[in-house]
Amino acid sequence: MLTPDITIMSVGTEITYGELMVPDDGWEHYLNQKWDRNIVIEEASKYPQLSFQSSTEQRPHKVSFYVQKGQAEEVMRCLSERLVKRGLDVKIIYSSGMDLDVLPQGAGKGQALAYLLGKFKSDGKPPINTLVCGDSGNDAELFSIPEVYGVMVSNAQEELLQWHAQNAEHNPKIIHATERCAAGIIQAIGHFKLGPNTSPRDTADLSSCKVDIFSPEHEVVVFYMLYERWRRAEVENHELTIQNMKNISHPSGIIVHPSGVEHSLHECIDAFAPCYGDKQGKQFRVWVDRVSSSQIGSDAWLVKFDKWELSDEGRQCCLTTVLLNSKPETPQGFALVHIHQTWMDGYAGRDQRMWFF
């Protein structure tokens, strides 16, 4: 998975930036208007129909409860009236047939997205091709933002489908996918022609797995898919495959093994070649997670991610940093210059000789 540059969480009450998840102070200040969490708790405690959700679900601008479906409407009406009398301006959101969230009036996933889009526009960087995705009632606000595309996955909750029927059934920019979960999102990307909608894992010929704009994250994923398929004997045992791996590796490139030992990238590829099919018929998968990249020069990118391997021996993972340089004279357009790996605590490989990349 990619590491998001911006994260909207807790039903739109929190906006954070980057890997360190730095909060948006302006958004927090905005939500503080006519909001008092203690008053919400005090008034809500008067309703035995409400039971608090776990402490992990409680946030500074979100108080969350469970309520039975048949009691939700009446409780929402009465609680809202009580909070208005106490001087608060709140919204109450009911979703998933049992979840009830009390938020500041200005909060919500839709408002948070509108706030961010407004910030981008004021900076002269209006976003294009924004896709919102949802499966429950608290996602409905997202689909009310006029300049976005939207998809409700096929397993969406009843309350979201009802909202769609009443508010957006004839909106061509919002679809109800026939696929579930992430597959529904991928379906929407293809439907609206927003970008590639086929994963490298679903592509038989990785050489045809191209993107219109150079993406270092995409190249890293394709590289490790090739590595997995070589060991599972899902590509031809051909010298051309190994040569292609060398073509995207700088002749003087270095890899630092998780053990701390340095190897030439080309030597590592040569050592890896005899492992063709050693995982055929066995459990073996490779994937990268928490991927983030930054351009550190006119022709250089730094990509950071967790590289995982799953086999019959269990799971292994290392924290990986890759330096890529552009190489326009090659079909791939880039070259691996340096790979540095460190074992993640608790996930070191048992046989470190068989850990190549």
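Just so it is clear, none of the values below were taken in a lab; they were calculated from the coordinates. Keep in mind the model is a prediction, meaning the values are calculated, not measured. Neighbour counts are summed over all protein chains in view; Cβ atoms, including those assigned to glycine, are modelled from backbone coordinates with ideal geometry.
Would you please put 97-108, 2-13 in order of how densely packed they are, using the mean number of other Cβ atoms within 10 angstrom per residue and starting with the highest? Present the calculation step by step, with values, prior to reporting the outcome.
On the way: 97-108: 21.6, 2-13: 17.5.
Result, highest mean first: 97-108, 2-13.
With a Förster radius of 25 Å applied to the C-beta separation of N129 and Y66, the computed FRET efficiency comes to 0.10. Positive end of the dipole of region 255-357 (Cβ unit charges, origin at the Cα centre): among W343, G314, A271, the Cα lying farthest that way belongs to G314. In this structure the amide hydrogen of F334, modeled in the peptide plane, comes within under 5 Å of the amide hydrogens of K327, none closer than 5 places in sequence on its chain. The distance between label points at K46 and Q283 comes to 5.5 nm (points 7 Å beyond Cα on the Cα→Cβ vector). FRET efficiency for the S326 to S207 pair, using the beta carbon distance and R₀ = 25 Å, is estimated at 0.85.
Relative to the longest principal axis of the Cα atoms of the chain, the long axis of helix 69-85 lies at roughly 70 degrees.
Explain nothing, just the number: dipole magnitude of region 9-104 about its Cα centre with +1 on each Lys and Arg Cβ and -1 on each Asp and Glu Cβ, in debye rounded to the nearest 20. Don't skip to the end; give the middle numbers.
Values: 11 positive and 15 negative charges, 88 e Å.
The dipole magnitude comes to about 420 debye.
Shown is the FRET efficiency for S154 and D89, computed with R0 = 25 Å from the Cβ-Cβ distance and rounded to the nearest 0.05: 0.10.
Using the Cα centre as the reference, give the magnitude of the dipole from point charges on the C-beta atoms of the chain (Lys, Arg: +1; Asp, Glu: -1; all else neutral), rounded to the nearest 20 debye.
Numbers: 34 positive and 47 negative charges, 67 e Å.
Roughly 320 debye for the chain.
Once semi-axes √(5λ) of the Cα gyration tensor in Å is calculated for the structure shown, the corresponding label among [x] 47, 22, 21; [y] 29, 24, 22; [z] 47, 25, 15 turns out to be [x]. With the simple model of a label 7 Å out from the Cα in the direction of the Cβ, E81 to T342 spans 6.0 nm. For the pair region 256-314 / region 189-208, the C-alpha centres are spaced 22 Å from each other.
Couplings 3J(HN,Hα) of region 226-237, computed from phi: 5, 4, 4, 5, 4, 6, 8, 6, 9, 10, 5, 6 Hz, in residue order, whole Hz [Karplus 6.51 cos²θ - 1.76 cosθ + 1.60, θ = phi - 60°; x for Gly and Pro].
Basic side chains Lys and Arg get +1 at the Cβ, acidic Asp and Glu get -1 at the Cβ, and with that the dipole of region 201-354 about its Cα centre reaches some 240 debye.
Grouping the Cα pair distances of region 97-149 into 10 Å bins from zero gives a pair-distance distribution of 22, 50, 23, 5, 0 percent in increasing distance order.
Inter-part distance, region 101-128 to region 69-98, computed on C-alpha centroids, equals 24 Å.
All distinct Cα pairs of region 201-354 go into the 1/r average, and the inverse of that average, the Kirkwood radius, is 16.0 Å.
Distance between the pseudo-spin-label points of N197 and H29 (7 Å out from Cα toward the beta carbon): 4.2 nm.
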